[in-house]
1. Going down the list LYS35/LYS61; LYS34/LYS201; LYS35/LYS157, which pairs span over 29 Å between their C-alpha atoms?
2. Each residue of segment 102-112 in order: what ³J(HN,Hα) in whole Hz does its phi give by Karplus 6.51 cos²θ - 1.76 cosθ + 1.60, θ = phi - 60°, with x for Gly and Pro?
3. Of the peptides 104-113, 135-144, how do they stack up when ordered by the mean number of other Cβ atoms within 10 Å, highest first?
4. From the phi of every residue in segment 157-171, what ³J(HN,Hα) in whole Hz does the Karplus formula 6.51 cos²θ - 1.76 cosθ + 1.60 yield, where θ is phi - 60° and glycine or proline is x?
5. With r as the distance between the Cβ atoms of SER53 and LEU118 and R0 = 22 Å, compute the FRET efficiency 1/(1 + (r/R0)^6) and round to 0.05.
6. Using the heavy atoms of the protein chains and a 1.4 angstrom probe, tell me the accessible area per residue for segment 20-69 in square angstrom.
7. Working out 0.36 nm times the residue gap between LYS35 and VAL127, then minus their Cα-Cα distance, what length gain in nm do you get to one decimal?
8. Just order 182-194, 40-52 by mean Cβ neighbour count inside 10 Å, highest at the front, would you?
Amino acid sequence: MGVGVSRIRRILFGLLVLTPAVAHAYDPVEAGGKKAVQCAPCHGLNGISRYPSMPNLAGQKRDVLMAQIGAFLEKPSRPSRSGAASRSEGVMEHSVEGLSEKGALDLAFFFSSLPCALPVRQIPSTVPEVVIRCSRCHGANGRNTYKNVPDLAGQKKHYLENQIRALRESGLVANDPLLIRKRSHPMMGPQALFLTESEIKSLAAHFASQTCR
């Protein structure tokens, strides 16, 4: 009996000693950093892209990053279902091909842990009227408290313009389920539908000029 109790005590002691090591053996941020090397040519090793049409990923919310990677994993180059959020971009679809859910989560952990990009300069101005429409979800300064709503502050101006145009286009052709769209979203499509080019440029310039921290 004494031997049995002693053995149990040794096992429990071993668990107490080993559990912290086991728990910290796998670091999703570290694992994501290794996977992110393949993302660096477009998005930068630090998650800040050098290209105006490529989004910064550093500091974006983990849930948002997971949702966007998931959208590309679903092969949206096929005709999208009416009312379903989707994204279509050949390079991204190829880049995430074969990525597991765990791998996607690792990448999301890594990029969300990085410091976001600060704008080159602040543009002191009044908030454009069109921004008020977006502020309920995205925040007037491009930052918000919703886990699944992207922060827009400090994002690339050119990238934002392109994405808003893609969402506007998806609203214009919402009744054509066979059309392949660059990007569609059941809430954002209708919101972007009636935006003018001037308003799109104003929105993108405003959010790009905001500080993300």
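The values are calculated or read from the model by the stated rules, or taken from the named source; none is laboratory data. These numbers come from a predicted model, not from an experiment. When we count neighbours, we look across all protein chains shown, and the Cβ atoms used for this are built from the backbone with ideal geometry, even at glycine. Note: areas computed on protein heavy atoms with side chains; ligands, DNA, RNA excluded. Shrake-Rupley method; radii C 1.70, N 1.55, O 1.52, S 1.80 Å.
1. Values: LYS35/LYS61 18 Å; LYS34/LYS201 36 Å; LYS35/LYS157 27 Å.
As for pairs spanning more than 29 Å Cα to Cα, those are LYS34/LYS201.
2. Result, ordered by residue: 5, x, 5, 5, 4, 4, 5, 4, 5, 5, 5 Hz.
3. Numbers: 104-113: 22.0, 135-144: 17.0.
By packing density, highest mean first, the sequence is 104-113, 135-144.
4. Couplings: 4, 5, 4, 4, 4, 4, 6, 5, 5, 5, 5, 4, 4, 5, x Hz.
5. Working: r = 20 Å, r/R0 = 0.89.
E between LEU118 and SER53, to the nearest 0.05, is 0.65.
6. Computed with neighbouring chains in place, this is 56 Å² per residue.
7. Numbers: separation 92, 0.36 × 92 = 33.12 nm, distance 3.89 nm.
This chain segment gains 29.2 nm when fully extended.
8. On the way: 182-194: 17.9, 40-52: 16.1.
Order by mean packing, descending: 182-194, 40-52.
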